[in-house]
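Before any comments, here is the structure.
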Amino acid sequence: MTNASTATKNLEHVQIGSQPFLLFPLTATETRWSDVGETTIFDRKLLLDTNGLLPLLPIRFYVGATHMTKDNAISPYTDKKSQSEKNKDHNIPYTNAPLCLDASIHAKALQSLHLTEKKEAPPFYLLPEAKKTLSRLRFHLLIPTKDTLGSNRPILTAFISKPDKTALSIGELRFWQFTPEKAIIKKAYFFMLPSDAAIMQAIQGQFTLH
């Protein structure tokens with residue numbers, strides 16, 4: 001058995017519609033220093049079970065350093081939420097929340113699962129039924145509020161992400177823009193986080209089929 005096969009076999013399985021799971025548990029998360037932003041990044045994979053609709057899907061959860069503005073991103077643990085701050089469109093403080101959350105499956109992984117067209121060269125477009133099923137997936141992000149972080153009974157705020165249409169069109173699956181569940185205006189935002197292990201280990205996720 002190859003090392004890659006062994007690594008995949010040992011990944012945690014999560015089923016669609018199951019109870020929320022920890023996104024970056026200490027024992028299953030790789031952490032490493034990044035010169036970009038001079039910060040620690042977090043990286044983790046698991047296998048998503050779609051109840052037999054598709055093969056087990058190897059999804060990667062990753063937070064990498066990048067710059068975003070308050071016009072296209074949210075930063076729950078650093079936003080001051082004052083009236084003056086709400087009306088400003090400027091960079092989210094990079095040193096306070098440098099990491100952008102992403103959940104994805106690259107084209108090569110979907111190709112290896114025989115979910116794409118058989119071609120000699122890219123782009124490898126998704127098969128119609130596979131694309132239809134993947135487009136129905138929803139990724140729910142559950143984070144403790146700032147004032148209940150670390151408590152035994154944290155109050156969770158929910159955010160929902162749909163598959164990125166551009167990624168689907170080129171044979172990939174990507175969740176990276178999130179809409180607050182209770183928002184009246186359903187705008188999607190990039191999700192910025194501090195490079196903080198305690199926060200990362202408190203974040204939960206869940207997949208459903210729409």
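FYI, it's all coordinate maths here, none of it is from the lab. What you see is a predicted model; the values in this text were computed from it and never measured. Note: ideal-geometry Cβ built from the backbone for every residue, glycine included; neighbour counts use all protein chains shown.
Database remark: amide H of Leu137 closer than 5 angstrom to the amide H of His210 (H placed geometrically; neighbours at sequence offset of 5 or more, or on other chains; Pro and chain starts carry no H).
If a paramagnetic tag sat 7 Å from the Cα of Thr78 along the Cα-Cβ line, which residues of the stretch 164-208 would have the backbone N under 20 Å from that point? Those under the cut-off are 176-180, 188-204.
Summarising the overall dimensions of the chain from its C-alpha atoms, the Rg and Dmax are 17.6, 59 angstrom.
Loop sites only, by DSSP: take the GluC sites (Glu not before Pro) in the chain that have at most 14 other C-beta atoms within 10 Å and name the longest stretch containing none of them. Longest gap between qualifying sites, sites excluded: 39-116. The stretch between Asp147 and Ala121, if pulled fully straight at 0.36 nm per residue, gains 4.3 nm over its current Cα-Cα span. Each residue, Ala198 and Lys108, gets one label point 7 Å from its Cα in the Cβ direction; the gap between the two is 3.8 nm. Listed values for the stretch 124-141 are Karplus-derived 3J(HN,Hα) couplings in whole Hz (6.51 cos²θ - 1.76 cosθ + 1.60, θ = phi - 60°), namely 9, 6, 5, 5, x, 5, 5, 4, 4, 5, 4, 5, 8, 5, 10, 9, 9, 10, and x replaces Gly and Pro.
Ignoring the sites themselves, the chain has its longest run without trypsin sites (Lys or Arg not before Pro) in a DSSP loop having at most 15 other Cβ atoms within 10 Å at 1-79. Remark: the Asp35-Asp71 segment gains 10.4 nm on full extension, using 0.36 nm per residue and subtracting the alpha carbon distance.
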